[in-house]
Amino acid sequence: MRTILQAENLEKVYRVGRVDVPALRGVSLDVHEGEFLAIMGPSGCGKSTMLHLLGGLLTPTSGRIVIDDEDLTAASDARRTDIRRRKIGFVFQRFNLFPTLTAEGNLRLAERIHSANGADDPERRRDVLRLLKLEDKMHHKPLELSGGEQQRVALARAVVTRPALILADEPTGNLDSENSAIVLNMFQELNYRFNQTIIMITHNPEAAAMCRRIIQMRDGRIVEPTASIQV
Ligand SMILES: Nc1ncnc2c1ncn2[C@@H]1O[C@H](COP(=O)(O)OP(=O)(O)O)[C@@H](O)[C@H]1O
Ligand SMILES: [Mg+2]
């Protein structure tokens, strides 16, 4: 199986005033193409820091990250941004939708930003909106949507260009069980249909149970052996 992501001995120290806050203390991780992986661990153990590093939103203090044969850590800022736009869909806990654009307009904007040629693909937009049970909401603006629907639009936006790697930071953290189920089903479907690789931080044991591999973190380190269950 092809390795899509390789992290070697990642360390991250945040500087706050004159104080160093070590958030990651040497994390190594290999992820195969098509894996659906969960990261769990107590608050403050470094999960978000790790995901932001893997997605090129932060740079590590030391260590190396290779995504799809491109060295993220050796890349210039501009190059890193380019890799991130082409290959990675980031799902944050807060959704930051464009308030003046409809659900579909928000997806169209993501296509302009994230695909090399600014691809306009109404079929794919509809497919994603269908997966997230938003077909009848595509012409609504964020304020005309419930919180759960807004989060689903934010997810649709992150995946509409079918990035090879989807990074999600507690994507069901603010959702009720019905919305959580829709979101998790979508991840499973994308993973199955398009072989998209998904790394998801979650506190939800049911969400983690969907993943073929669960990584446990404590205090800036991976603690569990990361044995994967072959399916
Ligand atoms: N921007 C930041 N500046 C300083 N310290 C930070 C910053 N972000 C996170 N930290 C600290 O780094 C550690 C790991 O945080 P984080 O990666 O957010 O953990 P988790 O997502 O597992 O809750 C914590 O001690 C947190 O307070
Ligand atoms: Mg976090």
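The values are calculated or read from the model by the stated rules, or taken from the named source; none is laboratory data. Small disclaimer: the values here were computed from a predicted structure and weren't measured. Cβ coordinates were reconstructed from backbone atoms using ideal geometry, including for glycine residues, and neighbour counts include every protein chain displayed.
A few comments on the model shown:
Residues are listed down the side, and each one gets a yes or a no for (1) in contact with a Pro (Cβ under 7 Å, 6 or more places away or on another chain); (2) farther than 17 Å from LEU97 by Cβ:
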position: LEU143; (1), (2): yes, no
position: SER146; (1), (2): no, no
position: GLU149; (1), (2): no, no
position: LEU167; (1), (2): no, yes
position: THR172; (1), (2): no, yes
position: ASP176; (1), (2): no, yes
position: VAL183; (1), (2): yes, no
position: GLU189; (1), (2): no, yes
position: PHE194; (1), (2): no, yes
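- The one condition in (1) of a type outside the set (Gly, Ala, Ser); (2) in a strand (DSSP E or B); (3) under 17 Å from GLY173 (Cα atoms); (4) in contact with an Asp or Glu (Cβ under 6 Å, 6 or more places away or on another chain) that LEU51 fails to fulfil: (2)
- So ARG25, is it charged (D, E, K, R) and either over 27 Å from MET186 (Cα atoms) or surrounded by fewer than 18 Cβ atoms within 10 Å (Cβ to Cβ) (or both): yes
- Hits in region 61-97 - residues which are among the small types (Gly, Ala, Ser) and surrounded by fewer than 21 Cβ atoms within 10 Å (Cβ to Cβ): SER62, GLY63, ALA74, ALA75, SER76, ALA78
- For region 20-32, the condition holds for at least one residue, the condition being that it is within 11 Å of ligand 1 (Cβ to nearest atom), β-branched (Val, Ile, Thr), free of Cβ contacts under 8 Å to residues at least 40 places away in the same chain and on the phi < 0 side of the Ramachandran plot.
- Summed over region 106-119, residues that are farther than 17 Å from PRO142 by Cα, at pLDDT 80 or above and surrounded by 12 or more Cβ atoms within 10 Å (Cβ to Cβ) total 4.
- The single condition among (1) part of a strand (DSSP E or B); (2) over 17 Å from the mean Cα position of the chain (by Cα); (3) within 16 Å of ligand 2 (Cβ to nearest atom); (4) not hydroxyl-bearing (Ser, Thr, Tyr) that GLY26 does not meet is (3).
- Of the residues making up region 179-193, those that are within 14 Å of the chain's Cα centre (by Cα) and aliphatic (A, V, I, L, M) number 4.
- In region 54-74, the residues that are away from ligand 1 (no atom under 13 Å from the Cβ) and outside any loop (DSSP other than H, G, I, E, B): SER62, GLY63, ARG64, ILE65, VAL66, ILE67, GLU70, ASP71
- Residues that are small (Gly, Ala, Ser) and within 15 Å of ASP30 (Cα to Cα) within region 60-76 comprise just one, GLY63.
- Residues in region 54-66 that are of a type outside the set (Lys, Arg) and either in contact with an Asp or Glu (Cβ under 9 Å, 6 or more places away or on another chain) or at pLDDT below 95 (or both): GLY55, GLY56, LEU57, LEU58, THR59, PRO60, THR61, SER62, GLY63, ILE65, VAL66.
- Within the span defined as region 75-89, every residue fails to be in contact (Cβ under 8 Å) with a residue 60 or more places away in the chain, out of contact with any Pro (no Cβ under 8 Å at 6 or more places or on another chain) and either on the phi < 0 side of the Ramachandran plot or within 16 Å of ligand 1 (Cβ to nearest atom) (or both).
- Screening ILE39, ILE67 for residues that are in contact with a helix residue (DSSP H, G or I) (Cβ under 8 Å, 6 or more places away or on another chain), in contact (Cβ under 8 Å) with a residue 24 or more places away in the chain, within 24 Å of ARG162 (Cα to Cα) and away from ligand 2 (no atom under 16 Å from the Cβ) leaves exactly one candidate, ILE67.
- Taking the criterion of being of a type in the set (S, T, N, Q) and surrounded by fewer than 16 Cβ atoms within 10 Å (Cβ to Cβ), the residues of region 120-174 that qualify are SER146, ASN174.
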